[in-house]
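To keep things clear, I will list the structure first and then write my remarks on it.
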Amino acid sequence: MTSVFSSARVIRIGSRKSQLALVQTHWVRDQLQQAYPDIKFEIHTMSTQGDNILDVALAKIGDKGLFTKELELGMINNEVDFAVHSLKDLPTKLPDGLILAAITERENPADAVVLHEKYKGSTLASLPVGAVIGTSSLRRLAQLRNKFPHFTFKDVRGNLNTRMTKLDSGDYDALILAVAGLERLGMSDRIHQILDPEISLHAVGQGALGIECRANDTEVISILKAIEHPETRDRCLAERAFLRDLEGGCQVPIGVNTEISGDNNENLTLTGIVASVDGQNIVKNTVSGLAKNAESLGTELATILRSQGATEILETIFTEIQRGS
Ligand code: DPM
């Protein structure tokens with residue numbers, strides 16, 4: 001391909017340093033390098049707040065941009081040109097001057113169960129009363145407490161390897177983790193069960209990568225279109241509009257599921273749930289419409305769930321988190 005871009009330019013990619021972030025960033029870099037052999041891409045790594053604070057429950061250290069803020073500053077200060085994020089970690093409102101330029105093809109967005117080896121061959125449902133389930137996600141916690149009130153839920157932080165070590169050493173009977181993260185790190189053989197949407201609706205944007213860049217950098221924006229996946233984009237825009245409208249950061253018990261259908265992938269169905277942390281109070285509904293109206297479908301679903309009581313559930317959670325309970 002003859003490049004219409006200034007050949008002198010080196011494009012600097014911002015990434016977190018974690019193993020998962022680097023796998024994702026290298027994948028993006030490789031795709032772009034293939035599409036644009038003449039451009040030089042460079043990866044610059046940075047630590048984020050979320051990487052540095054490992055001993056405090058996620059929900060208590062605030063939600064907005066825990067894993068993304070330092071990378072965003074890097075773009076604003078012109079130290080890097082774009083950043084690769086797990087889309088689910090990217091807040092629904094971006095800082096002025098930055099945009100979500102591309103969303104890549106989503107992997108399996110579901111949650112997975114990883115069991116201690118002594119439960120080989122079982123499923124979550126067959127674990128004994130009091131089994132210790134590790135998760136730091138209020139979304140997973142709330143939905144699983146609703147279905148399995150007889151389990152004990154315990155916070156777990158750290159990277160995937162750290163979490164696996166804690167599971168293997170007997171601190172937990174099971175962990176709940178994203179299928180996509182386990183697959184990207186070559187750990188799919190540790191998955192015992194993939195949770196169906198009836199048990200756990202996944203997080204907004206889960207399984208997709210979001211690429212953020214400066215809103216005025218037309219050259220980078222146009223380069224990034226090479227790795228955009230239109231169906232994933234429609235699904236994730238609907239999910240993000242839903243979350244944005246409910247003003248839930250990424251650490252609240254809000255889950256979604258989306259499906260695309262129709263001969264030309266023109267239809268979109270979005271299901272959403274808002275749950276209280278104890279799993280007792282749940283509102284859930286589904287909307288369908290044209291995929292090209294993805295964002296209005298998200299807003300429509302948010303309005304419906306508010307009329308079912310979502311606002312009260314979320315307000316209670318924010319008060320509880322602020323009080324530190
Ligand atoms: C967010 C959540 C978690 C991550 C909350 C949620 C999980 C935290 C935990 C917003 N970000 O899902 O309800 O369970 O302790 C994260 C993971 C991935 C991206 C790991 C995971 C990989 C999958 C992907 C952490 N961020 O969810 O197991 O790219 O979607």
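Here are the numbers:
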{"item": "DSSP-defined beta bridges in the chain - what % are antiparallel, rounded to 5", "result": "70 percent"}
{"item": "Built amide H within the under 5 Å cut-off of residue 178, gap 5+", "result": "112"}
{"item": "Whole-percent carbon and sulfur share, accessible surface of the chain, 1.4 Å", "result": "49 percent"}
{"item": "Largest-first ordering by accessible area, 1.4 Å probe, given options 194, 221", "result": "194, 221"}
{"item": "Cut-off under 5 Å, modelled amide H: who pairs with residue 12 long-range", "result": "42, 81, 82"}
{"item": "Cα coordinate range in segment 83-144, projected on the principal axes (Å, largest first)", "result": "51, 23, 16"}
{"item": "Integer Hz, Karplus 6.51/-1.76/1.60 couplings in order for segment 121-127, x for Gly and Pro", "result": "x, 8, 10, 3, 4, 9, 5"}
{"item": "Whole-angstrom Cα spans of the chain along principal axes, big to small", "result": "63, 45, 43"}
{"item": "Segment residue 187-residue 26, extension gain: residue separation times 0.36 nm, minus the distance between their alpha carbons", "result": "56.2 nm"}
{"item": "For residue 153, distant residues with modelled amide H under 5 Å away", "result": "133"}
{"item": "Karplus 3J(HN,Hα) series, Hz, for segment 184-196 with 6.51 cos²θ - 1.76 cosθ + 1.60 (x for Gly, Pro)", "result": "5, 8, x, 10, 5, 5, 8, 7, 9, 7, 9, 6, 7"}
{"item": "Degrees, to the nearest 10: 294-307 long Cα axis against longest axis of the chain", "result": "30 degrees"}
{"item": "Centre separation in Å (Cα based) which lies between segment 120-191 and segment 220-246", "result": "29 Å"}
{"item": "Helix 138-147 vs. the chain, principal-axis angle (Cα, 0 to 90°, nearest 10)", "result": "40 degrees"}
{"item": "Residues listed by number, segment 170-185, amide nitrogen under 15 Å from residue 120 label point at 7 Å toward C-beta", "result": "none"}
{"item": "Value at 222 nm in deg cm²/dmol, rounded to 500, when DSSP H runs of n ≥ 4 in the chain each add -39,500 (n - 2.57)", "result": "-10000 deg cm²/dmol"}
{"item": "Low-density loop positions, GluC sites (Glu not before Pro), segment 179-272 - DSSP coil, at most 16 other Cβ in 10 Å", "result": "198, 228, 247, 266"}
{"item": "Overall Cα dimensions of segment 111-194 - principal axes, largest extent first, Å", "result": "32, 26, 22"}
{"item": "Cα gyration tensor category, rounded, prolate or oblate, for segment 229-325 with a/c compared to 1.5", "result": "prolate"}
{"item": "Pairs beyond 29 Å (Cα-Cα), from 17/118; 154/292; 93/225; 120/154; 40/292; 17/225", "result": "17/118; 154/292; 40/292"}
{"item": "Å² of accessible area per residue within the chain, as computed with a 1.4 Å probe and no ligands counted", "result": "44 Å²"}
{"item": "Restricting segment 163-192 to trypsin sites (Lys or Arg not before Pro) in coil, as DSSP defines it, with at most 10 other Cβ within 10 Å", "result": "none"}
{"item": "Cα-based helix-to-principal-axis angle, 310-323 vs the chain, degrees rounded to 10", "result": "90 degrees"}
{"item": "Integer Hz, Karplus 6.51/-1.76/1.60 couplings in order for segment 23-33, x for Gly and Pro", "result": "4, 5, 5, 5, 4, 4, 4, 4, 4, 5, 4"}
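The values are calculated or read from the model by the stated rules, or taken from the named source; none is laboratory data. Because the structure is a prediction, the values reported are computed rather than measured. Because the Cβ atoms are built from the backbone with ideal geometry, glycine has one as well, and the counts that use them run over all protein chains shown. Just the protein is used for accessible areas: all its heavy atoms, side chains included, with ligands, DNA and RNA removed. Shrake-Rupley method; radii C 1.70, N 1.55, O 1.52, S 1.80 Å.
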